[in-house]
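Right, one structure below, let's go through it.
The values are calculated or read from the model by the stated rules, or taken from the named source; none is laboratory data. These numbers were taken from a predicted model, which means no experiment stands behind them. Every residue, glycine among them, receives a Cβ derived from its backbone with ideal geometry; neighbour counts consider all protein chains shown.
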Amino acid sequence: MKILLILLIIALMPIAAGAYDTGENIALLLSLAVIDYGQSVNMFYNDGSYVELNSLLGEKPSRNDMMAFGVLGVGLTWLLADVLPKPWNRILVDSVVASERFNIEENRRAYSGWNTEGPPLRGRELNSIPIVLSLRF
């Protein structure tokens, strides 16, 4: 499974570079998606008491379902960024990157094994998937 992920990253790098001037942010999004996947695997399979908040995946998604969802999400973001005119492609990619970064931070805060600031926290501050709209022209 790790080899498949590495091959996917290598395969998508040239594609991301051609998406207007958003190529670096698409690569960043791909990196963040990998981090989110790793966090989810730790939370769902090493601890067992956490559930997925995304209703499309269900409470206990398989690793393959999480991987497919992430690849599909990054792929659709890249395709839309390639089709949308400026500045809408930038707004889309920036918003998806900001949402993914916020989700990673929520995961870190919620998972007691990663909380290094203060007392252990159980559960998320938000009981939902964060979606951020980023407006940069």
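Structure data summary
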read-out	value
Residue, surrounded by the fewest Cβ atoms within 10 Å (Cβ to Cβ), within the stretch 52-99, restricted to residues that are in a helix (DSSP H, G or I), in contact (Cβ under 8 Å) with a residue 12 or more places away in the chain and of a type in the set (D, E, K, R)	Arg63
Filter result for the condition that a residue is at pLDDT below 60 and farther than 15 Å from Ser40 by Cα, over Pro87, Pro119, Pro130	Pro119
